[in-house]
Amino acid sequence: MSKTFELTRGQRAAWVAGLLVLVLVSAAVVFGLTNDSLREGQGSPLAREYTTVSDGDPGGSEAAFAEKFGQEGKASTLVLYDKTGKSASDGELYAVATGNLVTHFGTAEIKPVADYADNAMSAYDAVVYIGTDSVANPPEAFLDDVLTLDTPVMWVGENLNAMSGGQGDRAASFREKFGWDSGETQTVSSDLLYSVRYNDRDVARYTDSVETVESPVVGSGDSVEVLASAQCRKDDAPVSCVADDADGAQDVPWAVRSKNLTFVSEIPLDYIDENDVYLIYSDLFYGLLAPDTAPVKQAAVRLEDVGPESDPADLRAMADYLQGAGVPFQVAVMPIHIAKTPDENDWYGLSLLDRPEIVDALKYMQDRGGTLIQHGTTHQFGTGDNPYSGRTGEDYEFYRFGCSATAQQPFEFGECENTSYIRQIGRVSEDAVEQHKARIEKGRQVMIDAGLGEPEIFETPHYAASPNAYAAMTEVYNARYEQSDYFAGILSGEPSEAGRAYSQHFPYAVHDIYGSKVYPENLGNITEAEQNNHATRDPEFLISRAEAHLAVRESTASFFFHPYLDINYLKETVEGIRGLGYEFVPVVELQ
Ligand SMILES: [Zn+2]
């Protein structure tokens, strides 16, 4: 599991980092970088403010987050997880990820299954149980209520065999109620399962996250609905799923439903950047919580990393194209720019207030359907390389990262190379909620003072922050527009730890455990070069990701684009996404 999280994190950081070269090139074009006289903003109060940070460990406490969160007044879901054994922190992260998803439909309340009391589920619209430890035994009260009550239950992963033991003849009751045998499964090698068939779509499955999948045996005459079936393939041809029978079935049930029980045969929350069965999982909640939801196909686009050193001509060109194409858009604004002087001996700082021509271009964008959002305050932290250069737009702002020569622990942190892996190091030295809040408000005030209005949405630089930083964002903003990191311990109150975090993208809007609405960005961005072990992403790739998201009933295709890239990439992507039937809307209208 830790391996899983690290890979997911690294992949995501990497495609953001892939832009480093481009940023440097564009900066060199804008400023000849040859003048050795004092640079504008060099040693300015702004430069001093953001390059003077305390050293060492942050200390202090970390924010606590309530086990119940989401939108009140709609469907309520109880999420139960196993807090025991070696998979306990994985169970917590899976529960948080699942809780975040179900807030699309209302509230989530997350509890260890050991705390389950008689009849507790009858107070909720639905229950999700996440079984992470194959040898765990859920409490009798929970098992009995699944059998005797009508509350819809989604059982994910391990421990269904517990229904075959215990007091009375629970196995017989299970068979009688649900029409299949909880103790009977077929073991299928995971490396055969490349895809899962769901609502007439073949959804890609990542084969390396587990070794085997235990598929339920439901029989043909049973009153069980197969919601999704996994296809067995080898060398691109269908094969038997049964190890010792070449003539056996070439697909197996992956998710089934009968009466109030939906069973999903694995926890589809690993490697979600490429494991699209996560999208099936996300869609199954409609059946559980909102079966009458009308399908929609909505798209959103955000122009990224716009700040004092952007080229106003690029910004106007993007706005002209998007308005002409009838595409509402978002602009991620970095209010303050901090960077080393060309001789690397000093720092300079500029805000939007020093760049009226950028402010004019931003107003031009607003007049043409652009919604400005705040994208950090400096998009870097202090004077260190975090991990690249300390320069705005390149570095992380709300968590420390390094360049490692190794993908997995033990990490070997050093100079950033093209082949490095970007990995979490720890909290920044100024990690108190109040420090983050002051920083965020400072950037926000710059946007307001520049006459750009009051931004209502925040986006975390490089999608990474500490729990305290997320808590601070929630104090200033009601909404974020991004993917986010969730740390083990945010429920149990344990200190957060580098590498023990889950990074999640969303297929639809949610209200996450940090207490904020989160608008999804789920396709990524265009990159022109391979870097930090992440492949180049062209328009065709983003369009293929939009197509994958059609597996979700309220399909969302949300991506971002850097305005210094060739505008034809943007046009191609917009047209391709529209070709799939998506309609571009302002991000606040995303379902
Ligand atoms: Zn950024």
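Any read-out appearing in this document is the output of simple, stated calculations on the displayed coordinates, not a laboratory observation. Treat the numbers as computed from the prediction; the structure is a model and nothing was measured. Backbone-built Cβ (ideal geometry, glycine too); neighbour counts: all protein chains shown.
A few notes on this one:
- Ignoring aspartates and glutamates fewer than eight residues from residue 259 along the same chain, the ones with Cα atoms less than 13 angstrom from its Cα are 150, 176, 222, 225.
- Distance (nanometres) between label positions extended 7 Å along Cα→Cβ at residue 204 and residue 529: 2.5 nm
- Linear extension gain, residue 589 paired with residue 197, 0.36 nm per residue minus alpha-carbon span: 138.1 nm
- Sequence-separation-based contact order of the chain, relative, with Cα cut under 8 Å and 6+ spacing, percent: 18 percent
- Relative contact order for the stretch 71-289: 18 percent, from Cα pairs under 8 Å spaced at least 6 residues apart, divided by residue count.
- Mean Cα-pair separation over length for the stretch 519-588, i.e. relative contact order, pairs under 8 Å, 6 or more apart, %: 37 percent
- Packing rank of 387-395, 574-582, where each peptide gets the mean count of other beta carbons within 10 Å, highest leading: 387-395, 574-582
- Binned Cα-Cα distances of the chain, short to long, each 10 Å bin given as a whole percent: 3, 17, 27, 26, 16, 8, 3, 1, 0
- For the residue pairs 86/517; 86/234; 86/297; 363/571, the alpha carbons lie more than 29 Å apart in 86/517; 86/234; 86/297.
- Theoretical gain in end-to-end length, residue 72 to residue 122 [0.36 nm per residue, Cα-Cα removed]: 16.2 nm
- Packing-based order for 289-299, 345-355, 457-467, using average beta carbon neighbours within 10 Å, highest first: 457-467, 345-355, 289-299
- Sparse-neighbour loop sites [trypsin sites (Lys or Arg not before Pro); the stretch 206-263; at most 10 other C-beta within 10 Å; DSSP]: none
- For the chain, a crude dipole built from +1 on the beta carbon of Lys and Arg and -1 on the beta carbon of Asp and Glu, taken about the Cα centre, is about 880 debye to the nearest 20.
- Label-to-label distance, nm, for residues given as residue 568 and residue 244 (7 Å Cα→Cβ offset): 6.0 nm
- Residues 241, 416 arranged by fewest to most Cβ contacts within 10 Å: 416, 241
- Quarter the surface of the alpha carbon convex hull of the stretch 71-289 and you get the mean projected area, 12.0 square nanometres.
- Taking 7 Å steps out from each Cα toward its Cβ at residue 137 and residue 494 produces label points 2.5 nm apart.
- C-alpha center-to-center spacing [the stretch 514-534, the stretch 226-258] in angstrom: 33 Å
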